[in-house]
Amino acid sequence: MSKFSAPKGVKEYLPPDSAKFEFVRDGLLFPARMAGYQLVELPVFEDTEVFTRGVGASTDVVTKEMYTFDDRGGRSITLRPEGTAGAIRAVIEHGLDKGQLPVKIFYQGAFFRAERPQAGRYRQFYQVGIEAIGFNDPEIDVEVIAVADQGYKKLGLSKYKLEITSLGDLKSRTEHRKDLMKFIEKLKLDEATLERAKLNPLRLFDDKRDEIKKLMQEAPVLIDYLSNESQSHFSKVQGLLKQLKIDFVINPRMVRGLDYYTGTTFEFVHPLLGAQSGIGGGGRYDGLMSELGGSEMSGIGFGLGIDRTVLALEAENVAVTTGDQIQIYFVALGEAAKSLVYETMMQLRKSGVRSDMAYGDRGLKGAMNSADKRGVRFVAVVGENEIKTKQIEVKNMNEGKSKLVTLAAKDLIDFVKQN
Ligand code: HAM
């Protein structure tokens with residue numbers, strides 16, 4: 001028993017499974033790069049107010065799940081529960097919105113929510129995210145959705161579903177809110193629920209209690225209140241998705257867990273993941289820039305959960321190819337062989353051949369065992385005889401066959417690259 005364990009609710013990725021994590025992260029980022037999004041590397045903590053104002057006071061994220069503490073200077077600091085508010089803070093602070101539009105940025109890293117841990121729900125989790133800020137074009141909405149869709153497809157996933165809806169513009173939401181509040185006030189709700197509804201009545205669509213779920217089935221939905229403009233924007237989004245052959249369903253009752261959403265919002269759900277089925281989600285945010293002290297500029301983005309995407313790959317039995325398997329593994333017997341192999345191996349590494357050697361004095365059997373466990377492609381044993389003849393037998397571990405290769409870095413590099 002080790003004396004310490006990782007904090008409750010965190011997920012750690014260790015070899016060999018960490019290869020899946022890398023595969024997912026890099027696979028999801030690739031289409032974002034192809035679409036011109038550029039990296040921002042941001043702090044994992046921000047002034048608490050960035051999130052209370054940005055994410056919104058009615059959300060579980062702000063009221064129950066933030067890791068908030070005073071730093072040594074007495075400032076209230078919060079570990080980032082999501083990426084958008086901090087990204088927008090940085091865009092405003094560094095004036096990116098004064099340059100080329102749209103601002104197209106991506107980020108990846110750890111996020112923190114003090115949730116009740118369960119499969120697929122962690123207190124430290126990982127996201128890949130993008131944000132496109134500056135224009136309110138349906139083409140950009142669909143670009144963002146397409147980047148996510150391409151990422152999942154590139155990884156080999158096929159069973160996920162895309163759900164979309166529109167939360168409309170201010171006019172649509174104001175009209176809907178009036179009717180929804182009238183509806184809610186007629187229900188006999190407890191004080192806390194009513195207070196929550198006053199902050200954001202849409203939250204009640206997301207209430208986990210069965211009795212509230214039932215009551216809300218009759219509630220008016222925003223999609224029926226879309227202004228002409230919002231309706232036309234949403235129709236264009238649907239048309240473009242069809243044109244790109246990206247399947248979707250409209251879910252008028254979708255509620256995202258963050259308050260900043262307006263207009264097009266979406267979620268990718270995976271049916272094999274049980275309760276935590278949301279593998280990614282995002283949407284447009286018209287008011288966030290101005291809420292955080294910037295200009296009136298609209299943006300849209302997504303956050304894709306790396307952890308849940310790894311689970312989705314496992315659920316769909318997708319084989320992960322990582323490309324970082326050791327290509328040649330040397331076993332050196334004796335001091336002279338060790339020294340020669342060591343130098344040769346370093347040259348191979350410089351030439352882009354992934355190589356390693358047996359360290360420690362474990363003898364031939366132990367070294368071969370280790371090669372087997374690590375799944376290396378070729379093994380070469382070098383002893384006194386090999387040094388004399390300058391020839392080594394390189395064994396293909398999958399096929400069990402060996403070939404004689406000259407004991408020189410150049411010949412070994414050629415051999416590994418060609419085989
Ligand atoms: P979100 O839906 O809160 O959106 O999170 C995005 C994804 O992060 C979820 O779909 C899920 O896969 C993953 N995730 C969230 N919480 C957890 C958790 N506790 N454990 C494991 N995975 C989790 C956002 O965060 C927005 N910032 C997305 C966005 C960007 N909207 C516009 N731009």
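If you go through the stretch 268-285 and keep only what is small (Gly, Ala, Ser) and under 18 Å from the mean Cα position of the chain (by Cα), you end up with 277, 278, 280, 281, 282, 283.
Of all the residues that make up the stretch 194-208, how many are farther than 23 Å from residue 169 by Cα, charged (D, E, K, R) and more than 29 Å from the chain's Cα centre (by Cα)?
To start, the set of residues in the stretch 194-208 that are farther than 23 Å from residue 169 by Cα comprises 194-195, 207-208.
Checking which are charged (D, E, K, R) leaves us with 195, 207-208.
Cutting the leftovers down to more than 29 Å from the chain's Cα centre (by Cα) gives us 195.
The qualifying residues number 1.
Can you say whether residue 288 is within 15 Å of the ligand (Cβ to nearest atom), under 25 Å from residue 101 (Cβ atoms), more than 18 Å from the chain's Cα centre (by Cα) and of a type outside the set (S, T, N, Q), as far as the supplied structure shows? Break it down stepwise before answering.
Working: within 15 Å of the ligand (Cβ to nearest atom): yes; under 25 Å from residue 101 (Cβ atoms): yes; more than 18 Å from the chain's Cα centre (by Cα): yes; of a type outside the set (S, T, N, Q): yes.
The answer is yes for residue 288.
Where residues in the stretch 253-285 are more than 9 Å from the ligand (Cβ to nearest atom) and at pLDDT below 95, which of them is surrounded by the fewest Cβ atoms within 10 Å (Cβ to Cβ)? Selected residue: 275. Only one of the numbered conditions (1) in contact with a strand residue (DSSP E or B) (Cβ under 9 Å, 6 or more places away or on another chain); (2) exposed (fewer than 12 other Cβ atoms within 10 Å of the Cβ) is violated by residue 357, and that is (2). Of the residues in the stretch 318-341, at least one is touching a Gly at 6+ places or on another chain (Cβ under 8 Å), of a type outside the set (A, V, I, L, M, F, W, C) and touching a residue at least 24 places away in the same chain (Cβ under 8 Å). Among the residues of the stretch 26-65, those identified as touching a residue at least 12 places away in the same chain (Cβ under 8 Å) and either touching a Cys at 6+ places or on another chain (Cβ under 9 Å) or of a type in the set (D, E, K, R) (or both) are 33, 41, 46, 47, 49, 53, 60, 64, 65.
The values are calculated or read from the model by the stated rules, or taken from the named source; none is laboratory data. Owing to the predicted nature of the structure, the values given are computational and were not obtained by experimental measurement. We place every Cβ from the backbone using ideal geometry, glycine too, and count neighbours over all the protein chains shown.
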